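Visitor: Before I ask anything, let me first share the structure, which is written out below as structure tokens.
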Amino acid sequence: METSTKMESLHPSEEGLARIRQRYGFFSKVAWALTRPLANFTHEGADTVPKEGPVLVLANHVSAYDAPAINILLGRPVIYLASEGLVGRGYKAQFLAGLGVIPKKKFTSDARAVRALKGWTNNGAAVGLFPEGERSWDGQTLSFVPGIEKLVRLIGAPVVTARIQNADRVYPRWAQKVRKGRVHFEFDPPVQFDRKTPPEEILAYLKERITLTPENTKHWPVKGKNLALGLTNIVYACPSCGAMEALVENQSEVACTACQRSWKLDTSNQLHSLDDDTSMTVSQAMNKAQETLAKTWVQDTARYESDGVIMESEDLTLVDQSGVDGVEIAKGQLQLTASELRMVNADNPWSIPLSEIRLASVEMTRKLWLTTSDRVFEPVMPQESVLKWLHAIQHWKAESDAS
């Protein structure tokens, strides 16, 4: 049995699939041992998924549990597409590659990854991906990446759709602490689409079978402590007064230093005001923060008119993540203007036009990645909301590209 964390990359082939199956038995037991104390995985329909032969598994994406849990519940290895940020580099990348994981460029077409995916199904493997392209922050199913229906038709394997329920409460993407509770998986029987199936018909089926809304989402009780830790990464504006970066986390509570209001978070992700009898969901608070930012993209008009600064960060370290190991570029403050990002008060001057940023994204929970045609930069922010910066960069980049 191979247990080394350093494994050779595998290419689609019968031999490669045999190696993955060999490793799957050991690593599924390890994954089960690590996750079982935290989450009670239950399922419906897993017995309708064939144990042999090609299959394409598509599910909503809520937590870091999703992919390994699907492997465990289906009783066979599923080879996933995963973003380059999740796969990482070095030993982690080698380890995941040894299990067949296929790194993919985020939110863009990647012909190499698609060829690998189809290659594995041609050799009888089960492959999987998450049509949203990233984990949901609040449990609501995100828009699907463009072209998912064409990819399904290209792969040509029987399609198994799945809905993952209650994971948004057990392990919210933003949370620093994992809670304990039930995570339920609903698998649908395989459906075969052929090359003559209209793409819009495939897309409609996927949306119907995968999308979760507040009305059709099932929930079960969850237990946990320190529930609010990490919340200010997504609720970066006070829901009451709108002050930016004014909320302070304290175990299961958040309080605003500007208006002095406070809220207590429960395990159903409801924020209850400690000042009156009102409440709101985390999703509603998150949406309020985005709406507040959208109303006041320029928060200091006088400074914007004098030197063009829209937003300025706390002290941070800028890292080039393009290679195997991250390389520190500069330390200082990050400034956003209408045309560029730049480091100021830094030991090493740095700037980049917004037009050169191919993609701004948040990897994992707090990794803000700025991807150009050949580099990946990460401003490592100790406290500030990376989601606030993501929204602002995306907005001003769109404005810059349109001008």
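The values are calculated or read from the model by the stated rules, or taken from the named source; none is laboratory data. For clarity, every value in this text was computed on a predicted model and none was experimentally measured. As a convention, Cβ positions derive from the backbone with ideal geometry for all residues, glycine included, and neighbour counts pool all protein chains shown.
Visitor: Just wondering, is there one or more residues in segment 169-179 that are in the same structural domain as Leu34 (by TED's automatic domain parsing), in contact with a Pro (Cβ under 8 Å, 6 or more places away or on another chain) and in contact (Cβ under 8 Å) with a residue 40 or more places away in the chain?
Guide: no
Visitor: For Leu203, indicate whether it is of a type outside the set (Phe, Trp, Tyr), in contact (Cβ under 8 Å) with a residue 60 or more places away in the chain and assigned by TED's automatic domain parsing to the domain that holds Glu44.
Guide: Answer is no for this residue.
Visitor: I've got another one for you. How many residues does segment 159-186 hold that are in a strand (DSSP E or B) and either farther than 29 Å from Gly53 by Cα or of a type in the set (A, V, I, L, M, F, W, C) (or both)?
Guide: So the count comes out to 9.
Visitor: So which residues in segment 364-382 are within 18 Å of the chain's Cα centre (by Cα) and β-branched (Val, Ile, Thr), if there are any at all?
Guide: If the condition is that a residue be within 18 Å of the chain's Cα centre (by Cα) and β-branched (Val, Ile, Thr), then Thr365, Thr371, Val376, Val380 are the ones that fit.
Visitor: Do we have Gly133 as at positive phi, in a loop (DSSP other than H, G, I, E, B) and either touching a helix residue (DSSP H, G or I) at 6+ places or on another chain (Cβ under 6 Å) or crowded, with 16+ Cβ neighbours inside 10 Å (or both) here?
Guide: Here the answer is yes, as Gly133 does meet what is asked.
Visitor: Hey, which of the strands (runs of 3 or more DSSP E) in segment 1-92, taking only ones fully inside, have at least 3 residues that are modelled with pLDDT of 85 or more and touching a helix residue (DSSP H, G or I) at 6+ places or on another chain (Cβ under 8 Å)?
Guide: 55-59, 78-83
Visitor: Can I ask one more? Residues being modelled with pLDDT of 95 or more and touching a strand residue (DSSP E or B) at 6+ places or on another chain (Cβ under 7 Å): count how many of those fall in segment 206-219.
Guide: So the answer is 3.
Visitor: Against the definition (closer than 18 Å to Pro68 by Cβ, surrounded by 15 or more Cβ atoms within 10 Å (Cβ to Cβ) and assigned by TED's automatic domain parsing to the domain that holds Phe41), how does Arg182 come out, yes or no?
Guide: When the stated conditions are applied, Arg182 passes them.
Visitor: Here are Gln333, Gln299: which of them is out of contact with any helix residue (DSSP H, G or I) (no Cβ under 8 Å at 6 or more places or on another chain), modelled with pLDDT of 95 or more and under 25 Å from Cys238 (Cα atoms)?
Guide: Gln333
Visitor: For residues that are among the small types (Gly, Ala, Ser) and within 30 Å of Leu368 (Cβ to Cβ), scanning just segment 171-214, find the one that is nearest to the chain's Cα centre (by Cα).
Guide: Taking the candidates together, the pick is Ala175.
Visitor: (1) more than 23 Å from the chain's Cα centre (by Cα); (2) surrounded by fewer than 18 Cβ atoms within 10 Å (Cβ to Cβ): which one isn't true of Thr281, the others all being true?
Guide: (1)
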